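Below is one structure; the comments refer to it alone.
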Amino acid sequence: MRSDRPTWDDLVWGTEDLDLIWEAFHENSKSTAVDDALPNYVVVDWMTRMKNALPYDAFAAIPLPPVAILPPFRLGLGEAILARQTPRGIAPASMSFAMLAALLFYSYGINRPNEATPFPRPLRNVPSGGALFPLEIYFHARSAVESLAPGLYHYNSEEHCVRRIVNRDLSEELACCLFQPEIVRGAALLVIQTALFRRNTVKYGDRGYRFTLIEAGHVAQNINLVATALGLGVWNVGGFQDRALDRLLGIDGINHSSLYLQAIGEKID
Ligand SMILES: Cc1cc2nc3c(=O)[nH]c(=O)nc-3n(C[C@H](O)[C@H](O)[C@H](O)COP(=O)(O)O)c2cc1C
């Protein structure tokens, strides 16, 4: 029996039945006591076959500076947390190659083997549900990044290198994907997180989608804090046209789709 009291949907959306998809998503992403877990040997088999990063081996590998010589931070952790804020604007000031390496390594870099569990994939600077690491990191660099020609790059965490997969400045095409194109025009670097959802959903089903988004938040926060500690400004961007961006990246948008962007440059306060 329907009560006379308005529901949350009535209050927020009016009385129309809008079939809010996020409610269905959230419901489907819930765990219950009767969920079946895949046996470990199946998960281990999957993980053994998963790549740590897409290979892009038709493109030349550009090694990043070793982790031991990454640039020192100007701020401590607490100071970086307090200093992080969205700047009023950003400008494409020059950025060293070592700063780029720090941003990539501290966001999704591999830092140790997975020895304590039966699961074979190496571990990283962020946590990952089931250590499945469903994300890939791309970035667009303009001429502002030292030693790098403008273009679209992919970070290979396993080889600690980058590969230029589009050999030209895509700033204008990328700007057209954003609802605030000026963000791309001001960025020295645009970091693009994408997800290969099946790396996670194969074990966790619909909850794996939730885990993938949570993990992107971990990566993004590391990028925010590392960039801030290096004296750079970061603009987090969720406002973009996914399909247009996926087309630029050359990914299908279903199995592999863009999730979240961070534009990095000199802060304009
Ligand atoms: C998931 C997410 C998406 C965001 N997308 C945008 C965006 O598309 N455009 C924008 O100007 N800011 C965006 N922001 C930045 C927020 O507006 C900003 O973080 C918020 O106003 C709080 O301010 P602060 O970052 O200075 O603390 C986004 C932030 C998050 C966490």
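The values are calculated or read from the model by the stated rules, or taken from the named source; none is laboratory data. Because the structure is predicted, anything quoted here is derived from the model rather than measured. Every residue, glycine among them, receives a Cβ derived from its backbone with ideal geometry; neighbour counts consider all protein chains shown. Please note that ligands, DNA and RNA were not included when accessible areas were found on the heavy atoms of the full protein model with its side chains. Shrake-Rupley method; radii C 1.70, N 1.55, O 1.52, S 1.80 Å.
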### Selected residue (criterion: farthest from the ligand (Cβ to nearest atom)) from residues of the stretch 220-240 that are surrounded by 19 or more Cβ atoms within 10 Å (Cβ to Cβ) and not in a helix (DSSP H, G or I)
LEU230
### Query
If you go through the stretch 202-218 one residue at a time, how many are within 12 Å of the ligand (Cβ to nearest atom) and open to solvent by less than 10 Å² (accessible area, probe 1.4 Å)?
1
### Task
Would you point out which residue out of ARG243, ARG199, ARG164, ARG168 is in contact (Cβ under 8 Å) with a residue 60 or more places away in the chain, more than 12 Å from the ligand (Cβ to nearest atom) and surrounded by fewer than 22 Cβ atoms within 10 Å (Cβ to Cβ)?
ARG164
### Query
Among the numbered criteria (1) open to solvent by 10 Å² or more (accessible area, probe 1.4 Å); (2) under 23 Å from ALA83 (Cα atoms), which single criterion is violated by GLY186?
(1)
### Message
Within the stretch 19-127, considering only strands (runs of 3 or more DSSP E) that don't extend past its boundaries, which have at least 2 residues that are open to solvent by less than 80 Å² (accessible area, probe 1.4 Å), in contact (Cβ under 8 Å) with a residue 12 or more places away in the chain and within 16 Å of the ligand (Cβ to nearest atom)?
### Response
89-91
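Does VAL184 qualify as being within 11 Å of the ligand (Cβ to nearest atom) and farther than 18 Å from SER157 by Cβ?
Here the answer is no, as VAL184 does not meet what is asked.
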### Query
For SER143, are the conditions met, namely being surrounded by 18 or more Cβ atoms within 10 Å (Cβ to Cβ) and polar (S, T, N, Q)?
no
### Summary
Taking the stretch 260-269 and keeping only residues that are touching a Leu at 6+ places or on another chain (Cβ under 9 Å) and open to solvent by 40 Å² or more (accessible area, probe 1.4 Å), one is left with TYR260, GLU266, LYS267
### Query
Based on what the data block shows, is ILE137 buried (at least 22 other Cβ atoms within 10 Å of the Cβ) and not polar (S, T, N, Q)?
yes
